[in-house]
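The structure appears right after this line, and notes come after that.
The values are calculated or read from the model by the stated rules, or taken from the named source; none is laboratory data. Because the structure is predicted, anything quoted here is derived from the model rather than measured. Ideal geometry is used to build each Cβ from the backbone, glycine not excepted, and the neighbour counts take in all protein chains shown.
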Protein chains: 4
Amino acid sequence: GILERLDAGEIVIGDGGFVFALEKRGYVKAGPWTPEATVEHPEAVRQLHREFLRAGSSVLQTFTFYASEDKLENRGNYVAEKISCQKVNEAACDIAREVANEGDALVAGGVSQTPSYLNCKDKAEVKAVFRQQLDIFMKKNVDFLIAEYFEHVEEAVWAVEVLKESGKPVAATMCIGPDGDMHGIPPGECAVQLVKAGASIVGVNCHFDPDTSLETVKLMKEGLQAAKLKAHLMSQPLAFHTPDCGKQGFIDLPEFPFALEPRIVSRWDVQNYARKAYDLGIRYIGGCCGFEPYHIRAIAEELAPERGFFPEASEKHGSWGNSLSMHTKPWVRARARKEYWVNLKPASGRPYCPSMSKPDGWGVTKGSRELMQQKEATSEQQLKELFQKQKF
Amino acid sequence: GILERLDAGEIVIGDGGFVFALEKRGYVKAGPWTPEATVEHPEAVRQLHREFLRAGSSVLQTFTFYASEDKLENRGNYVAEKISCQKVNEAACDIAREVANEGDALVAGGVSQTPSYLNCKDKAEVKAVFRQQLDIFMKKNVDFLIAEYFEHVEEAVWAVEVLKESGKPVAATMCIGPDGDMHGIPPGECAVQLVKAGASIVGVNCHFDPDTSLETVKLMKEGLQAAKLKAHLMSQPLAFHTPDCGKQGFIDLPEFPFALEPRIVSRWDVQNYARKAYDLGIRYIGGCCGFEPYHIRAIAEELAPERGFFPEASEKHGSWGNSLSMHTKPWVRARARKEYWVNLKPASGRPYCPSMSKPDGWGVTKGSRELMQQKEATSEQQLKELFQKQKF
Amino acid sequence: GILERLDAGEIVIGDGGFVFALEKRGYVKAGPWTPEATVEHPEAVRQLHREFLRAGSSVLQTFTFYASEDKLENRGNYVAEKISCQKVNEAACDIAREVANEGDALVAGGVSQTPSYLNCKDKAEVKAVFRQQLDIFMKKNVDFLIAEYFEHVEEAVWAVEVLKESGKPVAATMCIGPDGDMHGIPPGECAVQLVKAGASIVGVNCHFDPDTSLETVKLMKEGLQAAKLKAHLMSQPLAFHTPDCGKQGFIDLPEFPFALEPRIVSRWDVQNYARKAYDLGIRYIGGCCGFEPYHIRAIAEELAPERGFFPEASEKHGSWGNSLSMHTKPWVRARARKEYWVNLKPASGRPYCPSMSKPDGWGVTKGSRELMQQKEATSEQQLKELFQKQKF
Amino acid sequence: GILERLDAGEIVIGDGGFVFALEKRGYVKAGPWTPEATVEHPEAVRQLHREFLRAGSSVLQTFTFYASEDKLENRGNYVAEKISCQKVNEAACDIAREVANEGDALVAGGVSQTPSYLNCKDKAEVKAVFRQQLDIFMKKNVDFLIAEYFEHVEEAVWAVEVLKESGKPVAATMCIGPDGDMHGIPPGECAVQLVKAGASIVGVNCHFDPDTSLETVKLMKEGLQAAKLKAHLMSQPLAFHTPDCGKQGFIDLPEFPFALEPRIVSRWDVQNYARKAYDLGIRYIGGCCGFEPYHIRAIAEELAPERGFFPEASEKHGSWGNSLSMHTKPWVRARARKEYWVNLKPASGRPYCPSMSKPDGWGVTKGSRELMQQKEATSEQQLKELFQKQKF
């Protein structure tokens, strides 16, 4: 089980970001970001799981991100109607388990934030949404549960409380930065609330780059220490550099989601992240949006000395570039060493572009009219109003 | 057939870069860059073919890049010994055909430049290497043939001559920029030699970004016009921005191959490229290293008006970002329009990095001692000498 | 008098940075940064005063920066011996008064931090150093006094106490950022101590860019309000962009002092600064290192509506670029408007350089062995040790 | 005389850019860029001459740039009417001679391109304009003559022919890049025409950065060699980095003229330029717009070994930063060496700005309606039309 591993001091490596990876492969739609590919194209989901397993993931998360009934039915995305929430979640569990059995991985069932919460539904209503997914996870007997990608700690606590009903271990991550949740509750306080609600593992996922995310987890750690609470720490940051983000993270950046390429982190950035995370005491180390299999492999390679083994995919990779000794060109063979890659400052090849952007920072949050969700598609009129606002 | 399509004025969309995509997925080793995954992990190769097909590729190239006997046996990469050249090539043909049959795609067998040529073997010897692959392509009955990734026109001509023996249509692309081949032969002259040798389609692939590659194809077109020769034009550039490259292309850039992330082109860059390629008269439009399925989809979406249809993968994509109208956050919904993405200058999020790099430019080419290849692994002593040279 | 003007709500415009401007003109040595040019080349000092007066400065500071006896005699700079501290200070007063009389400006005598303090001399000894300069200011009858460029509030307080003995109004500025003085005392607390010591005007000068400096003054303002103290606010920031600075300011940046060119602020940056300073309630607004006459003119032009008049030098300048309507080239005439310049993001023309640097951050401060000063020149051995340290 | 010096193999150091330096000091108006300061503020002009002399200039150019009758009367700049062309030119000669006599410098009278030429006046009319300035130079007995800042070789040749009538040595520089003059005449051909017209010294000034300018002079040198003509070479480039310029040089850059700060070259850039210019065989080495006294000093310091002496201003400067050994802070003392400054890649401190810009490139030249000049100020209506054009 996950807790046995962590309690024994083992390093648990998470997987990477499914919605972004599958969007690039053609199976997920940016905008709704829902996982109906589990039903529509199981072979594509299966293959991505396999790649993460091969890269070193100790946990395969069911591809159930945003797979709550209300989200599958939001803004003109009629997945619940066309496929059904149950089928999407069940297929996700089946695929994850199938691939996990090919190796030594655990399966984690995951829930994430809901339109219902944004629409100011009450506690019971929001909890019912989570419980619907939990029922499937229990039926499919996942190994543990993750409540992830929460911007408001109140909702995250509700999710943990529901998941905790199962008796299975619960991990909880928020997509927040050092400034805390959308209502200004600081990371340390968020962590305390989550642990009190029943989470055994807490941390952050998504929205910020590795460096910023580690800063946030550090604040969580300090909050827990001050409150004399114990929990394992977890980090699943973006694979994008976001030094210029505001409180809302990369969603606010003008490049989100279709021009983030120049921000993608290299494998060396990830090795650096893995080492820092380890030094900070984090033992559940993974990634989120942007993390491709080779990024996860970089975590596994960096921590191979501590773990005592390399992942399978390292057969096709030499530590710190040493496979380049097999390159045809002599000047590329000269790059077959750590010193070269550690010191390199990679150019963007974009001399007409800046290095940082001003985030949008509209500052709306739960309760703001513009954040209310709806079943029907965004209307032309609604879009027009947004375009207007964007300009000023 | 390919020529019927092109002669009829159809736009043919190529696929993207297998070695780079599969390196990131964990199945190809950077350095040797050889395609033994066709035998070791056919499911991974099959899935990538499927994604390109779904994204709009009209042609699936057999994953036989660098699959010549001598390359599978270079610098300590004992694939020929462990698996055999024949099996790698046969499996590649089988997989490509299997997926092509799932749609309406053609299968192209491909050969590329060889260590034998760099090692100054004579014409007959080099041709024998190509013929070994051709025999398999004929047995597996591919639809047409591609000689690609040649830095020296002399070797490319030899390849075309061999492929032409088959009676099948031959396409030929060189990985050169506007400065011409490694011996300084200009693009226009290269194109003329290739057509005279029997190629029906000529152009460039790899080594340079879309803008630079189009410049090169333009020079080829002008060379053919001046020589009163006719051929279809083809372009398969990198998905990396390389305004700072020298003659050798991205291989010379200090970021090659493990820190190219900030240079990755966006889907909007690709739409721009597809339009320019079309306007230049190119009708075989694809990509090379760095091109992921979503980049190929961008070509297909840009040229959908001319082609009259969208690719399957567009089900999960809205033209010019319109799927963002389904996003939860209002300021992201405000990005659901072409004007936004066309005008955006994406930041790199790397304020400590420059925008351009100085390429290595060692200037060695065929005949240079350091470019001689060998079966055994690069020795420690050889590496040490290269590290010395790198510093000065 | 200065206080009459400020009490009446008048905007007082300071002058710019003499040591940097005269270093570029060939009269000040970077390293010692001492003002012996007042004796050696009075015409050069006089001309610079005139340019600032013409640009709109309401105050001319005597060029007595670093003109304390101990600093004129530091590390092999034998000015005290060759010229004498008295002559340097007297000449500075004479020149400033001469030019001030050509207009309507006040003359301020200035003292700055001393080697004696860094060398851990006691309060009485350090005060004696300031008193030596003060005697000359009194003899030459300057209009008021400025204690500027202090990194340690303790020394600044001593300076204010000495200057206050004169009965003249005293202004005090520290070269600190939002993190406070070198011993970690926050800006608000620094301001409180300075006012309690007798300063009527407090603020910051040097070391940080306009934006950062305004942040610091804001903290000072809040500190004073919390302590229910009253004082006028003053800002004289750098004319260099320093978003990447640590606590020590631009001295820590690798570009200091000979490669700061790409960081120089434009006149439009300065107009922006002047407006923000005014809105923050600052009424003594000037500049420090890097501020050339045209930067001071930009303050005067931005605040011309509030002040009711333009400076003399605006005869040769049109507000917001309108003089460009007289340009020969039509596309330059098209730039004759505010909208153009406000929206421009100026390129550096340096595609191989980054936009930010990592500051040195050695973290030494008063009491650190390496900060002890000495009369004799830095020895070869001492330099060697520093070069060693720089590398690691 | 100038030719004796050059013939003897001496290195002649020119001065820097008066209009830009004095614009920043408050005495020249950007737009008209005319030198009436010689009459209005002789002390400011005198001081700048002194600074260049002190920095190492062997030649002081009369500040007669754009001082032709027709330019002093252009677009609402009524200098000819208010002061007179004669007085401006005479004062310029007197000031230059006065300062030259303080050292060992020569005085050069300079003429530059005219509105008359742009307005398609004929050869005789344009020559009359030059002759008016020449008469004053002869009366004031300057040492030699310079025809500088010509965009069209035709007009430059006319200027040389006029100046040659005097019997004095004539130097001629064009403000062109490697693409040649505004009508497309290549640099080599321009140089040949100028030498045939009577110039003893030819080269380039203004419009491009040092690297680009040296490239242009190299083409001129090759043109002269091919034509078997002999002449001394001269270069006076910008002190701004302009790798992104088109044919028209920095005038086309969006930053011209009020946001060029991030492009300013450092003293180390100038030392690099001076060395390259020397190695190319150029012996008249100076600067143009942006060159401040410390930039000229950098030329003199770089070439001190060849010249056998340092300029006076080096008293206040240590070669390659060695004066920093006198700095208070230890980490700045660690920068007291060449290796440090040669390797530094200076940051811009502007993470929201790009490194390169797209030049305007309107492509108008002599004969284009929009380039016709006029005595009266640009009207509101004319400006409006330009603003329109700028947007599209």
query: Pick from region B:21-48 the residues that are in a loop (DSSP other than H, G, I, E, B) and more than 7 Å from every other protein chain (Cβ to nearest Cβ): which of them is farthest from B:Phe240 (Cα to Cα)?
result: B:His41
- prompt: Within the bounds of region B:85-108, is there any residue that is of a type outside the set (S, T, N, Q), away from chain A (no Cβ under 14 Å) and under 16 Å from the mean Cα position of the chain (by Cα)?
  reply: yes
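Rundown of residues vs (1) in contact with a Leu (Cβ under 9 Å, 6 or more places away or on another chain); (2) at pLDDT 95 or above; (3) within 28 Å of C:Val364 (Cα to Cα), yes/no style:
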| position | (1), (2), (3) |
| --- | --- |
| C:Val142 | yes, yes, no |
| C:Ala156 | yes, yes, yes |
| C:Cys175 | no, yes, yes |
| C:Gly180 | yes, yes, yes |
| C:Ile185 | no, yes, yes |
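Rundown of residues vs (1) out of contact with any His (no Cβ under 9 Å at 6 or more places or on another chain); (2) more than 30 Å from A:Lys316 (Cβ to Cβ); (3) within 14 Å of chain A (Cβ to nearest Cβ); (4) crowded, with 24+ Cβ neighbours inside 10 Å, yes/no style:
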residue	(1), (2), (3), (4)
B:Gly184	yes, yes, no, no
B:Ala191	yes, yes, no, yes
B:Glu222	yes, yes, no, no
B:Asp269	no, no, yes, no
query: All but one of (1) crowded, with 24+ Cβ neighbours inside 10 Å; (2) farther than 30 Å from C:Leu324 by Cβ hold for D:Tyr273; which doesn't?
result: (2)
query: Just checking, how many residues over region A:128-163 are over 23 Å from A:Gly249 (Cβ atoms) and surrounded by 19 or more Cβ atoms within 10 Å (Cβ to Cβ)?
result: 11
message: For region A:297-319, which positions are at the interface with chain B (Cβ under 9 Å from one of its Cβ atoms) and over 24 Å from B:Pro115 (Cα atoms)?
response: A:Arg297, A:Pro311, A:Glu312, A:Ala313, A:Ser314
query: Can you tell which of C:Val28, C:Val59, C:Val12 is β-branched (Val, Ile, Thr), at pLDDT 95 or above and farther than 23 Å from C:Gly103 by Cβ?
result: C:Val28
query: Has region C:291-305 got at least one residue that is surrounded by 24 or more Cβ atoms within 10 Å (Cβ to Cβ) and not in a helix (DSSP H, G or I)?
result: yes
Of the criteria (1) closer than 24 Å to C:Trp320 by Cβ; (2) surrounded by fewer than 22 Cβ atoms within 10 Å (Cβ to Cβ); (3) more than 9 Å from every other protein chain (Cβ to nearest Cβ), which one D:Arg75 fails: (3)
query: In region B:55-90, how many are more than 16 Å from B:Val19 (Cβ to Cβ) and in a helix (DSSP H, G or I)?
result: 8
- line: The condition of being of a type in the set (S, T, N, Q), facing chain D (nearest Cβ under 7 Å) and over 26 Å from the mean Cα position of the chain (by Cα) holds, among C:Ser357, C:Ser323, only for C:Ser323
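Results for (1) touching a helix residue (DSSP H, G or I) at 6+ places or on another chain (Cβ under 7 Å); (2) farther than 27 Å from D:Ser348 by Cα; (3) without any contact (Cβ under 8 Å) to a residue 24 or more places away in the chain, shown as yes or no for each residue.
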site	(1), (2), (3)
C:Val332	yes, no, yes
C:Val342	yes, no, no
C:Pro346	yes, no, no
C:Lys375	no, yes, no
C:Glu385	no, yes, yes
- request: Please find, within region C:109-127, the residue that is surrounded by the fewest Cβ atoms within 10 Å (Cβ to Cβ) out of those that are in contact (Cβ under 8 Å) with a residue 40 or more places away in the chain and away from every other protein chain (no Cβ under 14 Å).
  value: C:Cys120
Criterion (hydroxyl-bearing (Ser, Thr, Tyr), assigned to a strand (DSSP E or B) and under 15 Å from the mean Cα position of the chain (by Cα)) met by exactly one of D:Ser213, D:Ser235: D:Ser235
D:Gly16 being part of a loop (DSSP other than H, G, I, E, B), within 14 Å of chain C (Cβ to nearest Cβ) and on the phi > 0 side of the Ramachandran plot: no
task: Identify all residues within region C:296-332 that are under 20 Å from C:Thr212 (Cβ atoms) and in contact with a strand residue (DSSP E or B) (Cβ under 9 Å, 6 or more places away or on another chain); write none if there are none.
output: C:Ile296, C:Ile299
statement: Within region A:351-363, residues out of contact with any helix residue (DSSP H, G or I) (no Cβ under 6 Å at 6 or more places or on another chain) and either among the polar types (S, T, N, Q) or surrounded by 14 or more Cβ atoms within 10 Å (Cβ to Cβ) (or both) come out as A:Pro351, A:Tyr352, A:Cys353, A:Pro354, A:Ser355, A:Met356, A:Ser357
message: Please pick out the residue among D:Leu22, D:Leu6 that is under 19 Å from D:Ile296 (Cβ atoms), of a type in the set (A, V, I, L, M, F, W, C) and surrounded by fewer than 22 Cβ atoms within 10 Å (Cβ to Cβ).
response: D:Leu6
message: Can you list residue pairs whose Cβ atoms sit under 9 Å apart, with the first residue in region D:229-243 being under 28 Å from D:Gly1 (Cβ atoms) and without any contact (Cβ under 8 Å) to a residue 60 or more places away in the chain and the second being assigned to a loop (DSSP other than H, G, I, E, B) and aromatic (Phe, Trp, Tyr)? Count only pairs 6 or more apart in sequence or on different chains.
response: D:Pro237/D:Phe208; D:Pro237/D:Phe291
field: B:Glu51 surrounded by fewer than 24 Cβ atoms within 10 Å (Cβ to Cβ), in a helix (DSSP H, G or I) and within 14 Å of another protein chain (Cβ to nearest Cβ)
entry: no
- prompt: Just wondering, is there one or more residues in region D:78-95 that are of a type in the set (S, T, N, Q), surrounded by fewer than 24 Cβ atoms within 10 Å (Cβ to Cβ) and touching a residue at least 24 places away in the same chain (Cβ under 8 Å)?
  reply: yes
- request: Quick one: which residue in C:Lys366, C:Lys338, C:Lys329 is more than 9 Å from chain D (Cβ to nearest Cβ), of a type in the set (D, E, K, R) and crowded, with 16+ Cβ neighbours inside 10 Å?
  value: C:Lys366
message: Here is a list: C:Glu370, C:Glu306, C:Glu339, C:Glu315. Which entry is over 25 Å from D:Asn322 (Cβ atoms) and within 26 Å of the chain's Cα centre (by Cα)?
response: C:Glu306
query: Within region C:253-290, how many residues are over 17 Å from the mean Cα position of the chain (by Cα), touching a residue at least 40 places away in the same chain (Cβ under 8 Å) and in a loop (DSSP other than H, G, I, E, B)?
result: 7
